[in-house]
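Structure first, then comments.
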Amino acid sequence: MFPAHCKEVSVKSVKFELTEENIKGYLRGKKAYIRTRYFIFNNGEDWAVALIVRKGPVEVLQEIASVHILSLPQETAFHDDPRLEVLSASAMGALRERLGKKCVVVRGKAEHVSFFIDEPPYELTIFDVVPPSPSKLEALVRSVLEYDLQDRYVKPKTVEMDLNALASAATTRLVMFPCRASGLGSGEDRLYLDETPELSAEDLREVTLVGCSLSARIFKAIYGAEPRMINMCPQELARDMGIKGPLLMKCCKVKEGFEASNGVAVVPWGARAPEVASALKAILR
């Protein structure tokens, strides 16, 4: 359980012991603000959370009809972190799991207070090739989960395929990548297709392209020969590795937006946050 917004939460510091009987007795006969759905109670280091149901009619203050205890001190942890976005279910859910309690109450950014009660996450696999490292796609996903898909508790894990490791399987003198990336290294034995280096007939026999079908077509258009290849297509690598959805990855064949089918979403190589957000919404249902 996770409030839609911290505006639904009222925080009360009290002097009584936080038991079910005391909390219900305290709220009995009282009125609550029309937006309030939850009360967080605090007494020293003890915290508890309750859900209220209000009576009509629709007024700014409404009488409380019933109270349901969601968590008591023995099952509730408190965490103070001014960097944490309490509106993000994924951030809150990950923290609750790390603390190992049924419920976590958090005072986060701008001193907003909210809570998260144990619920199963959406399991998401991010498949990306590196370098650059860490995965740029993973960074995009984490940003989206904090500022866009705030209502869904998503637990992402990243599977990385290291291009340098792929290139180490080459038996030729030269290795060519589609384009430069931080961490791929440099030197006379490292070439980049987008720079269209001049290759002699001997070089063409001694080069391995670490690329995909698109880069192979570009190679042939430039040099008039089929390249010796090591496949780095994320879609094909993920399929060969048996990775199941929900799954997010990049592909140069997707020019803009995203493609999604059977729990697998593919975004462009240079994806932006809105494209990642739309792709995740399509597969995390």
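The values are calculated or read from the model by the stated rules, or taken from the named source; none is laboratory data. These numbers were taken from a predicted model, which means no experiment stands behind them. In this analysis, Cβ positions are derived from the backbone assuming ideal geometry, glycine residues included, and neighbour counts consider all displayed protein chains.
Annotations for the structure displayed:
- Considering only residues in segment 162-176 that are without any contact (Cβ under 8 Å) to a residue 60 or more places away in the chain and outside any helix (DSSP H, G or I), the one that is surrounded by the fewest Cβ atoms within 10 Å (Cβ to Cβ) turns out to be T171.
- Scanning segment 21-51 for residues being over 14 Å from Q62 (Cβ atoms), surrounded by fewer than 18 Cβ atoms within 10 Å (Cβ to Cβ) and more than 36 Å from the chain's Cα centre (by Cα) gives a total of 6.
- Single residue of segment 105-145 satisfying the filter (out of contact with any Gly (no Cβ under 8 Å at 6 or more places or on another chain) and assigned to a loop (DSSP other than H, G, I, E, B)) that is modelled with the lowest pLDDT: P134
- Selection from segment 208-248 of residues that are within 13 Å of P178 (Cβ to Cβ) and more than 36 Å from the chain's Cα centre (by Cα): I222, P227
- Evaluation of D148 against the conditions (1) buried (at least 16 other Cβ atoms within 10 Å of the Cβ); (2) modelled with pLDDT under 95; (3) out of contact with any helix residue (DSSP H, G or I) (no Cβ under 8 Å at 6 or more places or on another chain) shows that the sole unmet condition is (3).
- Count - residues of segment 28-54 that are assigned to a loop (DSSP other than H, G, I, E, B) and in contact with a strand residue (DSSP E or B) (Cβ under 7 Å, 6 or more places away or on another chain): 4
- Segment 118-145, residues that are of a type in the set (A, V, I, L, M) and surrounded by fewer than 20 Cβ atoms within 10 Å (Cβ to Cβ): A139
- The residue pairs whose first member lies in segment 48-70 and is on the phi > 0 side of the Ramachandran plot and modelled with pLDDT under 95, whose second member is among the aromatic types (F, W, Y) and not in a strand (DSSP E or B), and whose beta carbons are closer than 8 Å, counting only pairs six or more residues apart or on different chains, do not exist in this structure.
- Within segment 124-138, residues that are outside the structural domain of N262 (by TED's automatic domain parsing) and at positive phi have Cβ atoms under 8 Å from residues that are modelled with pLDDT of 95 or more and acidic (D, E) in no pair, counting only partners at least 6 apart in sequence or on another chain.
- Residue ID - nearest to the chain's Cα centre (by Cα), chosen from residues in segment 55-76 that are in a loop (DSSP other than H, G, I, E, B) and among the hydrophobic types (A, V, I, L, M, F, W, C): L72
- Taking segment 151-161 as the range and being surrounded by fewer than 17 Cβ atoms within 10 Å (Cβ to Cβ) and under 17 Å from E97 (Cβ atoms) as the test, the residues that pass are K155, K157.
- Against the conditions (1) touching a residue at least 60 places away in the same chain (Cβ under 8 Å); (2) more than 18 Å from the chain's Cα centre (by Cα); (3) assigned to a loop (DSSP other than H, G, I, E, B), L87 satisfies every one except (2).
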